[in-house]
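These notes concern the structure reproduced below.
None of the figures in this text is laboratory data; all of them are computed from the coordinates on show. Predicted, not measured: the structure shown is a model, and the values here were computed from it. Using ideal geometry, Cβ is built from the backbone for each residue, glycine included, and neighbour counts are taken over all protein chains shown.
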Amino acid sequence: MKKEIINFNGNVFAYIYNDDNYIFHFKSAIKFFDEIVTNNNTKKIIIDYKLFSKDFFILQNNLLEKVLKELRSNSIQLVILIEFELFKSDIYLDFFYKYNKEKNIFFLETLEEGLFALK
């Protein structure tokens, strides 16, 4: 797992990325985000979707939604960087749209979009 701390427009962001899965279930997700917030003194996190196991993107099991609700209740702002071409079905697009319009959790394609979304 790789991490960068980015200062942009007076805000501090933790950017976490890797090509390997790191988050496998609800408890590991919550622990992961708690550690990021605590160790980096920021609640603005940008993360690559590849850190999540594939189970998180089986929307019927509600695993990702459960994690996102927990993060929202803790006032954590999150961008998950995704490759939209991998998630073309209406169920994914509706899910992403639902969160993107809430203004605290976003599914976007680029780091730059993420930085501007969490300003």
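Counting residues in region 80-89 that are surrounded by 15 or more Cβ atoms within 10 Å (Cβ to Cβ), over 22 Å from residue 115 (Cβ atoms) and out of contact with any Leu (no Cβ under 7 Å at 6 or more places or on another chain) gives zero. Condition first: part of a strand (DSSP E or B), touching a strand residue (DSSP E or B) at 6+ places or on another chain (Cβ under 9 Å) and without any contact (Cβ under 8 Å) to a residue 60 or more places away in the chain. Can you find one or more residues in region 84-104 that meet it? For region 84-104, residues part of a strand (DSSP E or B), touching a strand residue (DSSP E or B) at 6+ places or on another chain (Cβ under 9 Å) and without any contact (Cβ under 8 Å) to a residue 60 or more places away in the chain: absent. Count of region 2-19 residues, restricted to those that are within 24 Å of residue 61 (Cβ to Cβ) and either out of contact with any helix residue (DSSP H, G or I) (no Cβ under 7 Å at 6 or more places or on another chain) or among the hydrophobic types (A, V, I, L, M, F, W, C) (or both), is 1. Does any residue of region 52-69 turn out to be in a strand (DSSP E or B) and out of contact with any Gly (no Cβ under 7 Å at 6 or more places or on another chain)? Looking through region 52-69, at least one residue is in a strand (DSSP E or B) and out of contact with any Gly (no Cβ under 7 Å at 6 or more places or on another chain). The residue that is surrounded by the fewest Cβ atoms within 10 Å (Cβ to Cβ), counting only those in region 4-37 that are in a strand (DSSP E or B) and free of Cβ contacts under 8 Å to residues at least 24 places away in the same chain, is 7.
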